[in-house]
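**Q** Can you read through this structure? Questions will come right after.
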Amino acid sequence: MEGWRGAWYVPCLASLETLQELCRKENLTCKSIGITNRSLKSYEVEYLCDYKVEEGKAYYLVKWKGWPESSNTWEPRKHLNCPLLIQNFVRDKNEYLSRGREGKAMKVRNHVKTLKPAIADYIVKKAKQRIALQRWKEELNRKKNHRAMILVENTVDLEGPPLDFYYINEYKPAPGINVLNGITTGCECADCPAEKCCPKEAGFILAYNKRKKLKIQPGLPIYECNSYCRCGPDCPNRIVQKGTPYSLCIFRTNNGRGWGVKTLQKIKTNSFVMEYVGEVITSEEAERRGQLYDNQGNTYLFDLDYDSDEFTVDAARYGNVSHFVNHSCDPNLQVFNVFIDNLDLRLPRIALFSTRTIKAGEELTFDYQMKGSIDLTSDSAEGLSPSKKRIRTVCKCGAVCCRGYLN
């Protein structure tokens, strides 16, 4: 229709399986989501909901993929060709039983004839969580712009993906803020670093050694070659701009710190690990949001205070893997200011480098007070206006040198 030419569209938030369920419920076909006349009656096990034994035969209550829960059916074990789903079912059942009531372990029986409703309910919740986390992992890996993989893991509780978090790869500036200052020149080096390479032009030394590891001290800036430089992608002065080279896992912590991030690969000392990105906002807006975040017990504001305190990065709603990195008073990551395609000293990019060798499976952490925020001890808070007084957040890092608070 002529009137639809100017229409705009938003992505559908419903999953493919949800849309398929609606089609099958209404007996409709839709080729774009895989529901044709031929597949309208196709059946694939999505997860197992319950278990019983009748007349010596084992049966599982099956949730069929792309079908509403009202279509669940009891199927004999011998008809099911889904060993992984059965394995997940048994593991979730045993996990629930082993926890027991009030923390007391219960003996796991493998030959029960029926499951209690509470156990079946837990198994279904775990199955739905597993599916939701898998979809989230796929979404994160679709949106990232680096080669390394992002995994997701929760073996602690029933928490699913965060509902109000959107993955981005670079700064998302608020209206009126320009994170690219229109740089139009670069170095002419055929083999960086040369006499007039980007760091030297800015009055600093090259930040990396021949092994592409950091060689400068904290507090000094990093100037990388930019998109106008003559050098190619293998230039030793292009590190942060390539994104994280390590596969990482967002995991649920078991000590009340929410989500965390661990590396799946060994990381050597002074290696670039990830960039901290989010919304770039004014410090005035950051103060307003900070009051709200403090009341929620969250900390996502990162002050860009290399040269001034005009801007802040807020990774609460928009961010990358760094959104989930926890604080530690004895961290294994260090913050550095980086300049690439924007030489505005008020708007550096924030890069996290390893301070020591980090083993595969180890959690990644940085010190939130590296941001340059005020350390609000009881003494220092006295001279601040009411708007500046913040609720102090208790630190749970567990380090021997723990300061007790995040702020």
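**Q** Enumerate the lysines that Lys396 could reach by cross-link, defined here as Cα to Cα under 19 Å, with residues fewer than 8 away along the same chain left out.
**A** Partners within reach: Lys262, Lys371.
**Q** Now, a different point. Among Met274, Met370, what's the order by accessible area (1.4 angstrom probe), most exposed first?
**A** Per-residue accessible area, sorted high to low, gives Met370, Met274.
**Q** Given Cα pairs under 8 Å that are at least 6 residues apart, what percent is the relative contact order of the chain?
**A** 12 percent
**Q** Another one. Hey, what angle do you get for helix 117-143 against the long axis of the chain, alpha-carbon based, 0 to 90 degrees rounded to 10?
**A** Tilt of helix 117-143: around 40 degrees.
**Q** How much accessible surface does Leu48 have with a 1.4 Å probe, in Å² rounded to 10?
**A** About 10 Å², ignoring ligands and nucleic acids.
**Q** Can you give me the angle between helix 83-99 and the longest principal axis of the chain, using Cα atoms only, in degrees from 0 to 90, rounded to the nearest 10?
**A** Compared with the principal axis, the helix lies near 80 degrees.
**Q** What fraction of the DSSP beta bridges in the chain is antiparallel, stated in percent and rounded to the nearest 5?
**A** Antiparallel: roughly 75 percent of the beta bridges in the chain.
**Q** If each DSSP helix of 4+ residues adds -39,500 (n - 2.57) and the sum is divided by the residues in the chain, what number results at 222 nm, nearest 500 deg cm²/dmol?
**A** -5500 deg cm²/dmol
**Q** Right, something else. Do the alpha carbons of any pairs in Lys31/Lys57; Lys125/Lys359; Lys65/Lys116 sit beyond 28 Å of each other, and which pairs?
**A** Checking Cα-Cα distances, Lys31/Lys57; Lys125/Lys359 exceed 28 Å.
**Q** Could you order Cys198, Cys225 so the one with the most accessible surface comes first? Probe is 1.4 Å.
**A** Cys198, Cys225
**Q** Could you tell me how many degrees, from 0 to 90 and to the nearest 10, lie between the Cα long axis of helix 283-296 and the main elongation axis, the longest principal axis, of the Cα atoms of the chain?
**A** Rounded to the nearest ten degrees, it is 40.
**Q** Follow-up question, since we're still on this one. Compare Lys396, Lys266, Lys144, Lys78 by solvent-accessible area with a 1.4 Å probe and give them largest first, with all protein chains kept in place.
**A** I get Lys78, Lys266, Lys396, Lys144, largest accessible area first.
**Q** What shape does the stretch 146-366 have by the C-alpha gyration tensor, where a ≥ b ≥ c are the square roots of the eigenvalues, rounded means a/c under 1.5, and otherwise prolate means a/b greater than b/c and oblate the rest?
**A** Oblate, because a/c is 1.5 or more while a/b does not exceed b/c.
The values are calculated or read from the model by the stated rules, or taken from the named source; none is laboratory data. All of these numbers come straight from a predicted model, not from anything done at the bench. SASA here: full protein model, heavy atoms, side chains in, ligands and nucleic acids out. Shrake-Rupley method; radii C 1.70, N 1.55, O 1.52, S 1.80 Å.
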